[in-house]
Amino acid sequence: MKAAVFHKPNEPLKVEEVENPKIYFHEILVKVAACGVCNTDLHYIDHGVPTFKKPPMILGHETSGIVQDVGAQVKEIKAGDHVLIPPVFSCGHCYNCRIGRENICLNMIMLGNNIDGAYAEYVKVPAKDCISLPDELPLEESCIIADAISTPYHAVKNRAQVRPGDSVVVLGCGGVGINVVQVAVAAGASVTAVDIKDDKLEMAKRLGAKNTINSSKKQDKAVITEIRKLTDGGADICIEAIGNPKTIEMGPTTLRPGGRYVQVGFSHQAAPLNAGRLMFREIEILGSLGCRPVDYPKIIEMIRLKRIQLEPVITHRFKLDDINKAFDLMRKGESLRSIIVM
Ligand code: APR
Ligand code: ZN
């Protein structure tokens, strides 16, 4: 089969012929329909973050496709089914899996990191982790549910616990943040979206944000003052989807006393925290990682009901041969989400 292979950092992926994956009794072989291009891949390609599987390996963890073949013990899924493949597979046995928090499984296996991913014509995955996709959902576009939509869903619903009428500040409206905006709007929030690019803010408006702030030419203090003004003294919730120590520092200061801050963006750098402010105002600070399997059917239903939209946030499509163009666009910050269509 054809696959985009990651050979070493700071080098483009190479599209080449590799062997087809062979499935075991509990696995399925999926003919990839599309795979979303995620910032996480840039961490491996550009930023020196090592993959768990040693290169050469295949990246790609945001996938939809059609089941081609199933292992001997697979009963619930059959050839021809449309499936969504979550980016992370859980063990089912550890403490966190047992208490229903599979997204922080202690033995998690990530597609396109621990094992070969889906920038390829075929991918093999454990049957138990796949989610069936109704025929009504567009198969290719649905790939982005696996990460770009599900990560924001978990952050908004389970971690931030957004309620109708809550004021929610979203810092960063990129591939992840824009979906934090639309999921928070779907949950009934009054959203203030912050970014440094007007096109991202226009999309946030289109997806229901009440206020937008372009922070590129403003001091942090002015941005905080503007947010407090717009939210009647401070937001109920702030979600950071950038991963920048400066916006991480700003996040909790946008909140009303008793407000909740949720970290979705990744940074390997530390960010300062005003402990006194945290204490006096009973600010809650939470992290958010990925999404639990139990939430996927709910997300799919919200998309079916058109409460969450896929099309507007998919800004570019590429063939596998052109995958490096998708990474170039991402480096320039010119795409919201690119998908590779097989
Ligand atoms: N202030 C406001 N917005 C900013 C700033 C800043 N200082 N710096 C960058 N941004 C905006 C960018 O303009 C962009 O719209 O933040 C957005 C970042 O989005 P993307 O680059 O598309 O990244 P994304 O895929 O959304 O991931 C964001 O979430 O899951 C994590 O690892 C991921 O840390 C990353 C974060
Ligand atoms: Zn586990």
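Annotations
- In the chain, the C-alpha radius of gyration followed by the widest Cα-Cα span (Dmax) gives 19.9, 62 angstrom.
- For the chain, the dipole from Cβ point charges (+1 on Lys and Arg, -1 on Asp and Glu) about the Cα centre works out to 940 debye, to the nearest 20.
- The range 292-342 and the range 267-289 have Cα centres separated by 30 Å.
- Among the GluC sites (Glu not before Pro) found in the range 110-163, those both in a DSSP coil and sparsely packed, with 12 or fewer other Cβ atoms within 10 Å of their Cβ, are Glu136.
- For the range 152-287, pairs of C-alpha atoms spaced more than 23 angstrom apart make up 21 percent of the total.
- Computed from the alpha carbon positions, the gyration tensor of the range 1-61 leads to an equivalent ellipsoid with semi-axes of 22, 13, 12 Å, biggest first.
Read-outs: derived from the displayed coordinates by stated rules, not from any lab. Being a predicted model, the structure only gives us computed values, none of them experimental. We place every Cβ from the backbone using ideal geometry, glycine too, and count neighbours over all the protein chains shown.
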